[in-house]
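Participant: Encoded as structure tokens, here's the structure I'll be asking about.
Nothing in this text is a laboratory measurement; each read-out follows from the coordinates by a stated rule. Small disclaimer: the values here were computed from a predicted structure and weren't measured. Note that we place each Cβ from the backbone using ideal geometry, even for glycine, and neighbour counts take in every protein chain shown.
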Amino acid sequence: MPRIVREAGITWEGNVARGAGAITAASSGAFSGLGYSAATRSGNPEGKTSPEELLAAAHGGCFAMSLASELTQAGTPPERLEVRCVITMDEVEGKGHQIVHSEIDAHGVVPGCDEAAFAQAAEAADARCPFSALIRASATVTVNTSMR
């Protein structure tokens, strides 16, 4: 795989309590002006995103691709994978707010694959997922699997 470099642009106006920002996919243009603020980050999202939601999307997306690769290499390419990722940020004594956990729920429709083989592929996918490795440097990652 070639080296991958992607870029996002962020603007922020005002102080942290009352300010607001916007995130734009600078490399692809896939999204522009995704709003976020401290109030919508920790409270009701009100149609805005957060760094944690974007991290959950990135981790879940990376894991899904990794799992599809593992299943394909095992001779059982997936028909459909559904992955949900939940990122948890919490207060850590002496460190402030930190990402403490990422939980992945992976469900698959994989002809010719049983539950045990699916769980084994998910374990390998997690081990090879760059986002799992990044998160594991300071938090925990849990992967739950089931076949549909």
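Participant: Residue by residue, what Karplus-based ³J(HN,Hα) values in Hz, rounded to whole numbers, does segment 139-147 have, using 6.51, -1.76 and 1.60 with θ = phi - 60° and x for Gly and Pro?
Facilitator: Karplus values, whole Hz, x for Gly and Pro: 8, 10, 10, 10, 10, 10, 10, 7, 9.
Participant: Given H placed on each backbone N at 1.01 Å, which residues far from ALA20 in sequence or on other chains put an amide H within less than 5 Å of it?
Facilitator: Counting only residues 5 or more places away or on other chains, the set is GLU13.
Participant: Further question on the same structure: Once the Cα atoms of helix 115-128 and of the chain are each reduced to a long axis, what angle between those two axes, in degrees from 0 to 90 to the nearest 10, is obtained?
Facilitator: 50 degrees
Participant: Restricting things to alpha carbons, find the Rg to Rh ratio for segment 51-147 using the Kirkwood radius for Rh.
Facilitator: 1.03
Participant: Below 15 angstrom from the Cβ of ALA25, what's the summed charge of the other residues (Lys, Arg +1; Asp, Glu -1)?
Facilitator: After counting each charged neighbour, the total is -1.
Participant: Through the Karplus equation 6.51 cos²θ - 1.76 cosθ + 1.60, θ set to phi - 60°, convert the phi angles of segment 3-9 into ³J(HN,Hα) values in whole Hz; use x for Gly and Pro.
Facilitator: Running phi through 6.51 cos²θ - 1.76 cosθ + 1.60 with θ = phi - 60° gives 4, 10, 10, 10, 9, 10, x Hz.
Participant: In Å, what Rg and Dmax follow from the Cα atoms of segment 30-80?
Facilitator: That works out to 15.9, 47 Å for Rg and Dmax.
Participant: When a footprinting reagent is the concern and you count Cβ atoms within 10 Å, what order do SER28, SER102, SER132 take, fewest first?
Facilitator: Taking fewest neighbouring Cβ atoms as first place, the list is SER28, SER132, SER102.
Participant: Against the longest principal axis of the chain, how steep is helix 51-73, in degrees 0 to 90 to the nearest 10, with axes from Cα atoms?
Facilitator: Around 10 degrees separate the two axes.
Participant: Filter the GluC sites (Glu not before Pro) in segment 14-72 to those in DSSP coil with at most 10 other Cβ atoms within 10 Å of their Cβ, and list the result.
Facilitator: Taking segment 14-72 and a limit of 10 other Cβ atoms within 10 Å, the loop GluC sites (Glu not before Pro) found are GLU46.
Participant: Taking 25 °C and 0.890 mPa s as the conditions, I'd like the Stokes-Einstein D for segment 1-114 in µm²/s, using the Kirkwood hydrodynamic radius from alpha carbon pairs.
Facilitator: It comes out at roughly 148 µm²/s.
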